[in-house]
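Engineer: Below you will find the structure I want to go over with you.
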There are 2 protein chains.
Amino acid sequence: MSQSFDIAVVGATGTVGETLVQILEERSFPVADLHLLASSESAGHSVPFRGKNVRVREVDEFDFSKVKLVFFAAGPAVTLSFASKASSAGCAIIDLSGALPAGQAPQIVPEANAQVLAGLEKPIQVSSPSPSATALAVVLAPLRGVLDIQRVNVTACLAVSAQGREAVSELARQTAELLNLRPLESTFFDRQMAFNLLAQVGKPDAQGHVPLEKRLVTELRQLLGMPALKVSVTCIQAPVFFGDSFSVSLQLAAPVDLAAVNAALEAGDSIELVEAGDYPTAVGDAVGQDVVYVGRVRQGVDDASELNLWLASDNVRKGAALNAVQLAELLIKDQL
Amino acid sequence: MSQSFDIAVVGATGTVGETLVQILEERSFPVADLHLLASSESAGHSVPFRGKNVRVREVDEFDFSKVKLVFFAAGPAVTLSFASKASSAGCAIIDLSGALPAGQAPQIVPEANAQVLAGLEKPIQVSSPSPSATALAVVLAPLRGVLDIQRVNVTACLAVSAQGREAVSELARQTAELLNLRPLESTFFDRQMAFNLLAQVGKPDAQGHVPLEKRLVTELRQLLGMPALKVSVTCIQAPVFFGDSFSVSLQLAAPVDLAAVNAALEAGDSIELVEAGDYPTAVGDAVGQDVVYVGRVRQGVDDASELNLWLASDNVRKGAALNAVQLAELLIKDQL
């Protein structure tokens, strides 16, 4: 009865790729052969899977007709180079790089818009959105039913791990330098990251918007099925290794019924609502978890039509790798 | 011609008190005799002023009739105990503790509402607002003239120094413990502060609001003279020693004229506007400075009636001590 699938992971040596392989094992995803792929610099490494070390091979030598499903956890350039090859070979594609346009590979977060899958033509191409959009969509999805949301204001405080291993090392190194009163070196970040907050993540365009912020607005609207939703967003870089935090303020068409909000969050998939008065943190709660934590649920100080929330989510796991595996779990039900 | 004044500083051994004494010296404030006061635990210490070490004495033994002006940089309890005694002795009072009600000691930020001073009865009692309200008022004051501001959304990312020396030590100690893989101890903060963000500063009431957030809403309206302004605020604790950062999104009645905004900010007092594309940070720019830094001035991603800003300000200096000294400079012009 139970079928298993040959699968490839492109970008298997990155933070997200490694976590993805680990989650495939944890959730007993029905993998027959697992092919781990990367660009030539990373090929040759190996990644543990089901008690064995799987060798990472060069993506440009891979015959995609060997597999049914490919995860693209590499950078946008690698994804753009190989996605059409994989699709032509008949593979279903789950893109985590953000490189494929929404018209070609719609963004899906199962807790928010799983229904989009049903309308797609084969071979399927879908995208796992940015970690910020994923976390926000998980939490806002169940609130669509109880609130008339007019505007979402978000300050997303992002962990350095979203920028890869070099960023993680630099935060650790800078911190040690400062504590030991040694001169500070900045090579990855353009200024001191330790004990500091950076006001933008990436390079702004002429209007001052960074790609991540524009992407978040577009993705959130699509995930929630609310094309006219106003989204105000600032993405800042926090001196945190793993786990994103979100300060969220919603403006509503009418005064908020807090009991209904709490009930919707309690009932929502992949949400852990902490007790009133308490709050979750990225490091203490969210990291390593499969849920998005929510706390500080409250009205405005004197605006009953304002709902404030604080979210904490594991950017690598729930925000990226796990969402991609959840998408794969839906695909194998009836679309592979 | 030039007159000088006998002055007392209550809470002279705290972070703000010490900085205040240093600023009195830097700005050549016309001090005749300087009396440094503190509660019995801190009395006996000394603080440098004009090349001498000034001994800190017990506040409850002090004869306030000796001075013309008293700064209260102590905690709210000490301020409440001694403010009326000081006022009865005819002293002007500048409160930095937030303890005195606005009806008794109105909050003033010279760049925003200096005109309030003229209407006060002697002996004068004024308050220097919370560091967050001060920084926001400095920047929003010149924008009142060019924008019809309907709502201010703020996520204030606060430095641990606002909580005093114990908080600063704990962040340093926790960070060293984590880098050295030693077990983490939390005594001041209720959880891991290093490499983490805490979603609230202080204890929330039954509605989920913390005192600092309620205070910021009230103070900002008063400072800007906009009693109906909607203010949505979340104050979070960042793993930063000194310097607050603010992610600010304004909703306006009409599309924003960015050129007019930039011109107003350029012309505003105590504001340093960084170049488009760049942004200031708390640690790299604001700390030790007399101005509030502003960057990331931009419209919404697709809402021309939204104005976004990023602010960085020295919470101890510009947010508190310097504002109090600026108030004193106004007072001595014609009200002492």
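Derivation of every value follows stated rules applied to the coordinates shown; laboratory data play no part. Keep in mind it's a predicted model, so treat the numbers as computed, not measured. Neighbour counts run over all protein chains shown; Cβ positions are idealised from the backbone, glycine included.
Engineer: Rounded if a/c is under 1.5, else prolate if a/b is larger than b/c, else oblate: which is segment B:79-131, with a ≥ b ≥ c the root eigenvalues of its Cα gyration tensor?
Structural biologist: Note, shape of segment B:79-131 comes out oblate.
Engineer: So which aspartates and glutamates can B:Lys85 reach, going by Cα to Cα under 12 Å and dropping same-chain residues fewer than 8 places off?
Structural biologist: Those aspartates and glutamates meeting the cut-off are B:Asp60, B:Glu61, B:Asp63.
Engineer: Could you calculate the contour length gain from A:Asp60 to A:Asp257, that is, 0.36 nm times the residue separation minus the distance between their Cα atoms, to one decimal place in nm?
Structural biologist: 65.4 nm
Engineer: Further question: To the nearest 0.05, how large is the calculated FRET efficiency for A:Asp190 and B:Gln335 if R₀ is 56 Å and r is the Cβ-Cβ distance?
Structural biologist: Calculated transfer efficiency: 0.75.
Engineer: Still on this structure, I have one more. Out of all DSSP beta bridges with both ends in chain B, state the antiparallel percent to the nearest 5.
Structural biologist: So the antiparallel bridges amount to about 45 percent of the total.
Engineer: By its C-alpha gyration tensor, with a ≥ b ≥ c as the square roots of the eigenvalues, how is segment B:134-315 shaped: rounded for a/c under 1.5, else prolate for a/b larger than b/c, else oblate?
Structural biologist: prolate
Engineer: For the pair A:Glu275 and B:Ala114, what calculated FRET efficiency results from E = 1/(1 + (r/R0)^6), where r is the Cβ-Cβ distance and R0 = 41 Å, to the nearest 0.05?
Structural biologist: For B:Ala114 and A:Glu275, the calculated efficiency is 0.35.
Engineer: Averaged over peptide B:255-262, how many Cβ atoms belonging to another chain are found within 10 Å of each residue's Cβ?
Structural biologist: 0
Engineer: What's the FRET efficiency of A:Glu121 with B:Ser4 using the Cβ-Cβ distance as r and R₀ = 60 Å, to the nearest 0.05?
Structural biologist: It comes to 0.10.
Engineer: Continuing with the same structure: Let me confirm one metric for peptide A:225-234, namely the mean number of other chain beta-carbon atoms within 10 Å of its residues' beta-carbons.
Structural biologist: For this peptide, the per-residue mean of nearby foreign Cβ atoms is 4.
Engineer: May I pose another question? Given a cut-off of under 8 Å on Cα pairs at least six residues apart, what relative contact order in percent is computed for chain B? Please report the intermediate quantities before stating the final value.
Structural biologist: Numbers: 716 pairs, mean separation 60.9, N = 336.
Relative contact order for chain B comes out at 18 percent.
Engineer: Under 10 Å, Cα contacts only: if you run a Gaussian network model on chain B, which one of B:Lys68, B:Lys214, B:Lys52 comes out with the highest mean-square fluctuation?
Structural biologist: Of the options given, B:Lys52 has the highest mean-square fluctuation.
Engineer: Looking at the protein assembly as shown, send over the antiparallel percent of its DSSP beta bridges, to the nearest 5.
Structural biologist: Antiparallel bridges: around 45 percent, rounded to the nearest 5.
Engineer: Within chain B, which whole H helices from DSSP have a Cα span along their axis of at least 15 Å and a mean Kyte-Doolittle hydropathy of 0.0 or more, if any?
Structural biologist: B:15-26, B:76-88, B:322-334
Engineer: May I pose another question? Name the residue, out of B:Asn153, B:Asn180, B:Asn113, whose mean-square fluctuation peaks in a Gaussian network model built on chain B with Cα pairs under 10 Å.
Structural biologist: Answer for the Gaussian network model of chain B: B:Asn180.
Engineer: Under a 10 Å cutoff between Cα atoms, tell me which one of B:Leu178, B:Leu34, B:Leu229 has the largest fluctuation in the Gaussian network model of chain B.
Structural biologist: B:Leu178
Engineer: For peptide A:190-203, compute the average count of partner chain beta-carbon atoms within 10 Å of each residue's beta-carbon.
Structural biologist: The per-residue average across the peptide is 6.
Engineer: About the Cα centre of segment A:134-315, what is the dipole size in debye to 20, counting +1 per Lys and Arg Cβ and -1 per Asp and Glu Cβ, all else neutral?
Structural biologist: 560
Engineer: List the lysines whose Cα lies under 21 Å from the Cα of A:Lys52, skipping any in the same chain that are fewer than 8 positions away.
Structural biologist: Hits, sequence-local ones excluded: A:Lys66.
Engineer: Here's another thing I want to ask about it. Taking segment A:296-336 on its own, what percent of its Cα-Cα pair distances exceed 15 Å?
Structural biologist: Values: 511 of 820 pairs.
Here the long-distance tail beyond 15 Å is 62 percent of all Cα pairs in segment A:296-336.
Engineer: Could you tell me whether chain B comes out rounded, prolate or oblate from its Cα gyration tensor? Rule is a ≥ b ≥ c as square roots of the eigenvalues, rounded for a/c under 1.5, then prolate if a/b exceeds b/c, otherwise oblate.
Structural biologist: Judged from the Cα gyration tensor, chain B comes out oblate (a/c at least 1.5, b/c at or above a/b).
Engineer: For segment B:32-58 and segment B:196-224, what is the separation of their C-alpha centers, rounded to whole Å?
Structural biologist: 33
Engineer: For every helix of n ≥ 4 consecutive DSSP H residues, a contribution of -39,500 (n - 2.57) applies; sum these over chain A, divide by its total residues, and give [θ] at 222 nm rounded to the nearest 500 deg cm²/dmol.
Structural biologist: Helix contribution divided over all residues of chain A: -8500 deg cm²/dmol.
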